[in-house]
Each structure stands twice: as structure tokens, then as C-alpha cells.
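Visitor: There's a structure below that I have some questions on.
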Amino acid sequence: MRLILTWFLRGLAALAALSALALTLGYYLLQRSLPEFEGEIAVRGLAAEVRVIRDRWAIPHIRAESAQDAYFALGMVHAQDRLWQMEMNRRAAQGRLSTLLGPRTARLDRLVKTLDLYGHASRSLPFQSAEAQAALEAYAEGVNAWMRHLFEEAKGRGAPEFFFFGDDGLSPWTPADSLGVLKMMALRLTGAARSEIRRARFLLQLTPERVADILPETPEGALTELPRFAALFDAPFPPAEHAEADPLLTAFGPAPLPELAGASNAWAVDGSRSASRRPLLAADPHLWLSAPSLWYLADLQGGDLAVMGGTLPGTPLVLVGRNADVAWGLTTAAADDQDLYIERLDPEDPDRYRTPDGWARFETRQIRIEQRGADTIVDTVRRSRNGPVLDNDLFGAEAVTPEGHVAALRWTALEDEDRTFSAAMALMGAGSVEDALDLAAGVRAPAQNVLVADREDIGIVLAGALPKRRADSPTAGRVPSPGWLEETAWEGIRPAEENPRLFRPRTGALANANNRVTDDRFPDHISFDFDLPYRIQRLEKELSAREWHSLNGFLALQTDAVSEMARSILPLVARDLWWREGRESAAPAGPNARRSEALALLADWNGAMDRNRPEPLIFAEWIRQLTLKLASDELGALMPLAAGIRPLFVERVLKDVEGAGIWCDIDKTPEREECPEIIEAALDDAIARLVRDYGPNPEGWRWGAAHTAEHPHLPLGYAGPIGWLVSIRHETSGGDFTILRGATEGRGPEPFKNVHASGLRMAVDFADPDRSQIIIATGQSGHPLSRHYDDMAELWARGDTVLMSMDDQDARLGALGEMVLRPSQ
């Protein structure tokens, strides 16, 4: 027995030793791909020596003799820090994720190949300006130079993820790859098609009047009435069902809800409203969260080029930033740049579809999707006169496609003659606000509001292609349109000079928070689906509250967590209960002591969504539960499409706007319920859930415990327990409707998880641009073993920033090192 025990212990010791050896070897292999910030590297493709100073945050400050060499060096440092992220983004644009990730991503690959995103990107290359083409070539050479350096010097595979998934024959970077990454960004930043589909699904189940309640328009401006969607077709629709989107597909592809497609804040004041007497600008684009951040900070100087800010790895663009004379920020314009068309198939020949001139044959081409660990998919995709036909797509078009029909997508981005990249590159070199506003006219997709400041002026323009629709369209682009009607077809693109713009405002201040920018009626309306007005209301209030503003004031405003929505909705919801609790306050304990405590907390609350306070959590869960109680019986399986906090819906119901009070009556009960009892029941349900998840003491509940910003690693963040090791999490303040925006999905086990936020914040003061400030949400490195993987994350979570200087002395203070790139002989 002792002999058996001895050998058993020896076996355990040997196993432990082997495990330790394997872990040591694994760590050694993984850490070899950590970037080095010092030394000299001889590379092919450079014209002259380039120096790359890494400041204390690992931000590269590139100093070159020419713009081409600066772009080359940017390609190198992007690949040095973010090669895996770049490769994943490239594959997503090419429809090749499945070659690494297997069948789970095949639907996204099919959508991308059906839309031919990479084909359009490749064919747009000849339409770029000569300067843009040269920059793309230089950048690609820089990326490839770094990959050659890795292989020649045996520096690892460039990123630890390649050890898990293999490099699958890592191919050289090309200019088309950069344009493809930009096309994929456009796909993710529009929610127009999803908005049409959701509205159509609701119209199949509810009357137009009730759909106007649950999906209300923003209150400004005159709008047309909703169409009756089903009446446009004479065929049955599939039953109402809902399937939750795979989070991995959502991480790489279109947003699951229109509200999560894109957002952002940007505002500026001119010298008349600035304490420094020079213009100030603040920008914080709101996008999906990931580790590493989709943003990468860089300072490029070479020849005529001198620019700094947030770059998009995979492209040589500073999308949000400044040069010596101009600073710019972007907000999603919410433009209705997509239309879904329902094409009627010929019953005698399903390869044909109906047009205003009779039956026409689909264009067809073959696609191929290679899947890791599964068979290759070879299929034929079709295209109508309105666009590519969506089969088994991620938009959910099949739910609104009647029998004997198919859905096709028209989208401004599906064009070869797309000069968006050239316009964005030209903006980096703009010398004035007027120059920048004119250069933005070249943008096609994604449609963005470009807010600009220089040393004297401020201005804003909507940059992007806007479809020209007919005034007699029966759908107005609000729901999927019959493809055979001539009046639903686009009549081209509106001239760029007709897009809204404002230069030198009389008030000395400009702001945009994805709000409506024109009160024009359809078809000159831009969109029916702007963001709710609470953020812009808060910005207007704060910018108007003082005559002069400062850089520090702008930074504080970027992290303002006061919810004008809560201030508006809470009195409407809690009024009767506050009155009743006040009358019963003399009793030792009311009928529900915890309810009384929650109401007392809310009565003293100022609407600040503070991560350390219980009130935001109580309020948010109460409104979420109220929305569920009001709408779940009418929406049934479609409730997930309207889950969460819907303040305008709640307001319409409780004020009985156009009969909306009917939502308070539960269809499935014989009694007629009134709104006060539904409100009270929702509060009780909210408290019960909070007690279950956060304990019995309301004073101990904290908004931050529920409103955690999760930056998942792509794709390991969705791979079970390993995701906890490589993803980044922080408790955050703010919410869906605050300037410090942290959007939530409002459903699932973590309904208030922060999934869409300002991954970059920037504030510029032209009195001293090199004292400007910036931050990204994670860190510069994409390597999980690097200390720069998440070294900015805590700063970001608490609202701090780092210096945004283009001065060499500032860069060298506490610098990590300097890398010298020399042309190889």
C-alpha cells in the first residue's frame, strides 16, 4: 500500500512539474510577442530614418521626414500593438472569420459576402485621390515590414491569439484591406434596416397608433403617419418569433438593436464663449466596447503631415483628433441610408422577380465560405435592381418577408465610386473650419456629423450620402417597401451641398448628440429615427448656463452623469406613490417598508446616475419592469425588441397621449387595470429583483454593480472562463440618456451592463493645443500580457484623461523608449 501511495505521490509531483513546465513554456512563447519600444530596426520601404517615441502611455509619437514615411511607421506600430485585432477586422470585412472561428461566424461571413463589402472596397481604390492611394500603399508596406521583422527575428507570431487559433497563412496587408475595414465600420454604424424591420414586425401585430406609442418619434418636427405594413402585400407572413442574437456575431457584425448602431457627443464654443478667448472642442464617440479598444492613439508628423488623435487600426486615418490648426469630432448622423425592398418572385420561375416593367431575372454570383472544423459552404447569391438579396441574414429580414417573396437591401455604401477614405484623409490636413466642412462633402458612408473648430471659428456639417426618395412613396422608407413599385425607388443621392451645415453660429456654441438636425418633412427629413433628446437637452442647458467655458469645464461635462430623462419621468411615475407614502408616514411601518425606503431615496435624488448610489438602480429597474408590464402582453414574443427603458413610451402611456393609456390594461385578465396599480406592481417587482440580486438593504445597492462596462476580448471574451482573464471590466456611472453615455440592452441576466460607450474622449483648447486632453477605454496594446493592455481603463472609468501633446519634450517626459526605423540597404 505504501508503495502504491509513493508512486501516486511521485506521479502527482511529475504531473505538477510537467504542468509548471508547460505553463512556463507557454508564458515564454506568449511574452515573446510583447512589443519592444527601444532599439533600431532596418526595414525595406522607408525613404529616410524615422523615430518613434513611446510616451508613458505607450502612445507613439512618429517623427519622419515625409508623410509617406509617417504612414509607413503608423502601419508598423499598429501591427506591433494590434496585429490580431487588425487581422480579425480584415477577415470580418472579407467574410473570412469562419476560417479561424468555425461555423459560429458563418452567418456573418455570408452577409458580408452577399453584400460584397470587400469587393466594393477593392473596386473603390481607383477612385481615391493620389494622396490617399499613396498613404494606403505606405501604410500597408509598414504593416508588412513589421510582419517580416517578426518572422525574420523569431519574435513570436505577433500576438498570443495566433497560438490559439493559428495564423492560417497570415497574408500581406493590402490597401484594399484598409478600405474593407472602413466599409465594415459603415455596416456597424447604421441601424436603418433594422429599424425598418422592427417597425414592420410591430405593425404586423399592432395597430399603427399603438406602434407609434412603443416606437415613438422624437418630439420635435412634423412627421408623416405610419403606413399599414401588411396591407402593402397580399401574402401571409411568418409567425412572430424572436431568437436572441449570438453575442459573438454581434461583436463583429451589425448591432442587435438600432439604438446600438452608433451614437456620440460633440460640442464646441468659439472665442466669444471661451475663458481662453480661443475656441474649445470636445468629442466622445460612442461605440461598442472591446478589449483592446477599437481606438488607438497616435501622433504623426512628417513632411506636410502633423496630426494626432484616435486612429482606427487597419487604416492610416485619424478619425477624431487635431492638427496644428483644426480639431474635429464625429457623431453618428442617424441618417436613413438603407431601405429594405420586398421583391415578389415569379410563381412560374423563382429566378425572376417583379419590376415596374414586368418580370426580370436576378443577377447571380457564387460565394464560398471556408469553415474551420466544418465543410466549406458554396452557394449562389442573388441581386435585384434594388440591391443584394438577403438570405438567412443577421438583420432578421425573413421575419417581414411574406411567402413567395425575398428581401433586398439598398444602401449608400454598396457603391464602387466611394471616396469616403479620401475625404477623411483630406480632413486630417484641413487648414480651417471652412476647408474641413467642404472636404467632408466627399464622405459617402457612414454618414456622420463632423463638428470642427480652428483657432477662430467653429462649424458643423452632416457628411454622408443621403438617398433621394420620392414624396409619394407609400412607405417613406419607414418600413420595408414593395420592390415593384416605381414610387418606392431611389432617385439617386441628394447633392452634398444640400446637407445641413452651420458655420459661425450666432450663439457662439454648437452641439450634437445624434439629435434631429432639421425639421424638414419627408423626403427632406434625413431620418425618422434620431436619438431621444435628453442628451442634447442636457448639453444645451449646461452650455447655456455660463457665458464662458474652459477646458476643465468641457472635461467635466464629458463625464456629466445627470439624467434629464430621470428628472422628467420620475415625477410622472412616482407622484401618486409619493403622495400616498407621505400621508402614511406616521405609521411605524407602511404596508411595504422597503418600498417606502426606495421611494424616500428617490424623492431626494437629483437624477445623477452615480455608480456609488442606489437611486439610479432603483429607478432604472422600476422603469424597466414598468415597460415589461405595459407591453409584454401586447408584444408577446417580440418583447425583447422593445425591452429596457423606453421613457417616451412610458410618458405617452401615463399621459394617455392619443389613447396610449390603454397599455395599462392587461389583455389576459377580465378586469380593467389602471395605470397607478401597474406602476405600483412594477415597483414591487423591481424591488424583489434587486433584493434577490443585491441584498435586502436598499442603502447598500449600487448602480455601478449593475452598470459594469465590459470590454470583451475578441473572440476569447466569448469563450467561457478564459474570457474573464482577457476581458476588462469596470463599474461606471452614467446611463442610456446621460452625456456620460453607457448604453444597455435592458434584458438578460445583466440588463444594465454598459455595452456601448465613449471609448474615446478628447477635449481641445486652441489657446494652447498641446495642453489638450484625450483618453481611450482600455490601453494601447492588444497583448493581454502587456501592462499597456488596460493601463488607461481605470482612468477612463473615473473620468480622467492624459495629455494630448504633439511636442517632443512632452512625449519624452517619462517615455518608455525610442525606436529608430532605418531604411535597409
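The values are calculated or read from the model by the stated rules, or taken from the named source; none is laboratory data. Small disclaimer: the values here were computed from a predicted structure and weren't measured. Neighbour counts run over all protein chains shown; Cβ positions are idealised from the backbone, glycine included. Areas reflect the complete protein model, heavy atoms only, side chains present, ligands, DNA and RNA absent. Shrake-Rupley method; radii C 1.70, N 1.55, O 1.52, S 1.80 Å.
Visitor: Given charges of +1 on the Cβ of Lys and Arg and -1 on the Cβ of Asp and Glu, with all other atoms neutral, how large is the dipole of region 119-205 about its Cα centre, in debye to the nearest 20? Provide the component values of the computation, followed by the final result.
Guide: Values: 10 positive and 10 negative charges, 160 e Å.
Charge dipole of region 119-205: 780 debye, to the nearest 20.
Visitor: Check which residues have an amide H placed less than 5 Å from Ala298's amide H, if you skip close sequence neighbours.
Guide: Those qualifying (amide H under 5 Å, at least 5 residues apart or on another chain) are Gly309, Thr311.
Visitor: Say the dipole of region 457-585 comes from +1 at the beta carbon of Lys and Arg and -1 at that of Asp and Glu; which of Met565, Ala463, Trp548 then lies farthest toward its positive end?
Guide: Projecting each Cα onto the dipole axis, the largest value belongs to Trp548.
Visitor: Along the charge dipole of the chain, which of Gly321, Gly799, Pro60 sits closest to the positive end, that is, farthest toward it, with unit charges on the beta carbon of Lys, Arg, Asp and Glu (+1, +1, -1, -1)?
Guide: Pro60
Visitor: Looking only at Cα atoms, what is the convex hull volume of region 710-806 per residue, in Å³?
Guide: Hull volume normalised by residue count: 107 Å³.
Visitor: A further question follows. Grab every C-alpha pair in region 447-591, bin the distances at 10 angstrom width from 0 up to the longest one, and report whole percents.
Guide: In whole percents, the pair-distance histogram is 9, 26, 24, 19, 14, 7, 2, 0.
Visitor: Could I ask something else about it? Give me the net charge for the shell around Asp765: Cβ to Cβ below 13 angstrom, other residues only, Lys and Arg +1, Asp and Glu -1.
Guide: Computed value for this residue: +2.
Visitor: Next question, about the same structure. Would you grab the residues whose amide H sits under 5 Å from the one on Asn754? Only those 5+ places off in sequence or on another chain, please, with H modelled 1.01 Å from N.
Guide: Excluding prolines and chain starts, which carry no amide H, the hits are Thr708, Ala709, Glu710.
Visitor: Counting Lys and Arg as +1 and Asp and Glu as -1, what is the net charge of the other residues whose Cβ lies under 10 Å from the Cβ of Glu49?
Guide: 0
Visitor: Can you give the charge dipole size of region 667-825 about its Cα centre, rounded to the nearest 20 debye, using +1 on the beta carbon of Lys and Arg and -1 on the beta carbon of Asp and Glu? Display every interim value, and only then the final one.
Guide: Numbers: 15 positive and 26 negative charges, 133 e Å.
Using only the charged Cβ atoms, the result is roughly 640 debye.
Visitor: Under the rule of at least 5 residues apart or a separate chain, name every residue whose amide H is placed under 5 Å from the amide H of Glu65.
Guide: none
Visitor: Can you pull a Stokes-Einstein diffusion coefficient for region 43-178 at 37 °C (0.692 mPa s), Rh from Kirkwood over Cα pairs, as a whole number of µm²/s?
Guide: 204
Visitor: With the Cα gyration tensor of region 403-454 giving a ≥ b ≥ c as the square roots of its eigenvalues, does the rule (a/c under 1.5 for rounded; else a/b larger than b/c for prolate; else oblate) give rounded, prolate or oblate?
Guide: The shape class here is prolate.
Visitor: Using a simple charge model, +1 on the beta-carbon of Lys and Arg, -1 on the beta-carbon of Asp and Glu, nothing else, what dipole does the chain show about its Cα centre, in debye to the nearest 20?
Guide: 1620
Visitor: Shifting gears a bit: Per residue of region 700-711, in order, report the coupling 6.51 cos²θ - 1.76 cosθ + 1.60 (Karplus, θ = phi - 60°) as ³J(HN,Hα) in whole Hz, putting x for Gly and Pro.
Guide: Going residue by residue, I get x, 6, 9, 4, x, 5, 9, 9, 8, 7, 10, 10 Hz, with x marking Gly and Pro.
Visitor: Rounded to the nearest percent, how much of the accessible area of the chain (1.4 Å probe, protein heavy atoms only) is carbon and sulfur? Could you put the intermediate results ahead of the total?
Guide: On the way: 16100 of 31530 Å².
That fraction is 51 percent.
Visitor: Using the Kyte-Doolittle scale, which helices in the chain average at least 1.0 and also have C-alpha atoms spread 20 Å or more along the helix axis, with helices defined as whole DSSP H runs?
Guide: Going by DSSP H runs, the hits are 2-31.
Visitor: Translational diffusion coefficient, Stokes-Einstein: compute it for the chain using the Kirkwood radius over C-alpha pairs as Rh, at 25 °C and 0.890 mPa s, and state it as an integer in µm² s⁻¹.
Guide: Value of D from the Cα-based Kirkwood radius: 87 µm²/s.
Visitor: In addition: Using the alpha-carbon centroid of each, what span in Å lies between region 757-787 and region 349-398?
Guide: 43
Visitor: Let me ask something additional. Hey, if you put +1 on the Cβ of every Lys and Arg and -1 on every Asp and Glu Cβ in the chain, which of Pro208, Ala763, Thr105 ends up farthest toward the positive end of that dipole?
Guide: Result: Thr105.
Visitor: Return the loop-located GluC sites (Glu not before Pro) in region 319-402 (DSSP other than H, G, I, E, B) with at most 11 other Cβ atoms within 10 Å of their own Cβ; answer none if there are none.
Guide: The qualifying sites are Glu348.
Visitor: Mind jotting down a quarter of the surface of the convex hull over the alpha carbons of region 530-649, in square nanometres, one decimal? It would help to have the intermediate numbers written out before the result.
Guide: On the way: hull surface 41.4 nm².
Over all viewing directions, region 530-649 projects a mean Cα-hull area of 10.3 nm².
Visitor: Output ³J(HN,Hα) for region 271-278: one whole-Hz value per residue in order, computed from phi by the Karplus curve 6.51 cos²θ - 1.76 cosθ + 1.60 with θ = phi - 60°, and x for Gly and Pro.
Guide: The phi angles translate into x, 6, 10, 10, 5, 8, 6, 10 Hz.
Visitor: In bins 5 Å wide, starting from 0, what share of all Cα pairs of region 410-512 does each bin hold, as a percent?
Guide: P(r) over region 410-512, rounded to whole percents: 2, 12, 20, 19, 15, 12, 9, 6, 3, 1, 0.
Visitor: Another one. Using a 10 angstrom Cβ neighbour count of at most 10 plus a DSSP loop assignment to flag exposed trypsin sites (Lys or Arg not before Pro), which longest range of the chain is free of such sites?
Guide: 1-505
Visitor: In square angstrom, what is the accessible area per residue of the chain with a 1.4 angstrom probe?
Guide: 38
Visitor: Would you mind calculating the relative contact order of the chain from Cα pairs under 8 angstrom and at least 6 residues apart, reporting the percent as a whole number?
Guide: Once normalised by length, the contact order is 19 percent.
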